[in-house]
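Written below as structure tokens is the structure these notes are about.
The values are calculated or read from the model by the stated rules, or taken from the named source; none is laboratory data. Just so we're clear, the structure is a prediction, and the values are computed from it rather than from any experiment. All Cβ positions, even for glycine, are placed from backbone atoms using ideal geometry, and neighbour counts span all protein chains on display.
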Amino acid sequence: MSSPPFPVPPVPALPPERVARASFPLRYEDVAQDGRMMMTALPPAIGWTVWRQLLADHPSARSMQRQGLVAILSRLTVEGTDEPIRIDQKVEAIGGYQLARHEVGGEVDKLFLNMWVEVSGPRGRMVPPEGPGPRVVAGRVFAEHTFTRLFAGAGDRRVTRLDLEGLPAVPEAVYAFQPPTTAMDLPADAVALEDETVADDAVTVFGLDHTDSNQHVNSLVYPRLFAEAALRRLAARGRPRRALVRALDIAYRKPSFAGDRVRVHLRTFTLGDRAGAAGYLVDADDPAARPRCCARIILG
């Protein structure tokens, strides 16, 4: 793609102490049969770079725990390139972070921990054999995290000021926060294939296989559900079935847990020679409830 189909804040000028590099091996399930990196394989690079190298031992980490303060993932925007990379070679990632504030009427409304990462690897494929060649970009990730007091009462969760060692009380950078529902808007220039969102035929029942150590359904489970529902819908419309998610924009509003029943509601579209879908995931037994997350994807 010549430009990201979903809006992403540009990477700011970051000081060296807020940037890190990492090199790590890939699993076979991280790369598709045509050599392109899977969309869900890109976000873990944030952990390898920003979380592990820059924040795990940051002076603020312990005081955040004492105060019950958490920076939860609230939005993830990912773009995968069409460059094939070798699965048997390590990839490299460079990532950084910025603290930012969102204002309403001149007053601080929310505080954010935003992260950017770019992943690259030696160009080539295992079958048919090609490379390893020069290093190419496999994908880019933007991750928005919202500061909150997760276990406080409903009226006490909002964070508008930090009291943490090594961090400013109010970040200097201003962030143009967008509500979660914007993640189900069709991209500019997209042509809708349906007038409104339609409920997918499948109901997903979450089990422990969908969860992680944070005690809820893992954030990377949801993109797979949207992709599977989109492939079913697009295949029914005669669109090519050999497609891979190349762009993702997902906003998280409410967690899900083992035992929950959910359903994806989607509206399909085309964007140039590629197809996509946008919609939301909701309680299967209460379709009128507020979405648990909203997402839009592009396949190609």
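A compact table of results
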| read-out | value |
| --- | --- |
| Per-region count, region 201-220, residues touching a strand residue (DSSP E or B) at 6+ places or on another chain (Cβ under 7 Å), over 25 Å from residue 246 (Cα atoms) and assigned to a loop (DSSP other than H, G, I, E, B) | 1 |
| Matching entry among 188, 236, 154, 229 (being touching a Leu at 6+ places or on another chain (Cβ under 6 Å) and free of Cβ contacts under 8 Å to residues at least 60 places away in the same chain) | 229 |
| One residue from 291, 223 being under 17 Å from the mean Cα position of the chain (by Cα), in a loop (DSSP other than H, G, I, E, B) and at pLDDT 95 or above | 291 |
| Failed item, numbered, when residue 50 is tested on (1) assigned to a helix (DSSP H, G or I); (2) farther than 24 Å from residue 110 by Cβ; (3) touching a helix residue (DSSP H, G or I) at 6+ places or on another chain (Cβ under 9 Å) | (2) |
| Residues satisfying the stated conditions in region 254-269, i.e. buried (at least 17 other Cβ atoms within 10 Å of the Cβ) and either more than 23 Å from residue 201 (Cβ to Cβ) or not charged (D, E, K, R) (or both) | 256, 262, 264, 265, 266, 268, 269 |
| Selection count where residues are surrounded by 18 or more Cβ atoms within 10 Å (Cβ to Cβ) and assigned to a helix (DSSP H, G or I), scope region 61-74 | 1 |
| Near pairs, Cβ below 6 angstrom, 6+ apart or cross-chain, from region 161-177 (in contact (Cβ under 8 Å) with a residue 24 or more places away in the chain and assigned by TED's automatic domain parsing to the domain that holds residue 108) to any residue that is hydroxyl-bearing (Ser, Thr, Tyr) and surrounded by 12 or more Cβ atoms within 10 Å (Cβ to Cβ) | 164/60; 164/63; 165/60; 165/63; 166/60; 167/60 |
| Residue among 22, 56 that alone is crowded, with 16+ Cβ neighbours inside 10 Å and within 21 Å of the chain's Cα centre (by Cα) | 22 |
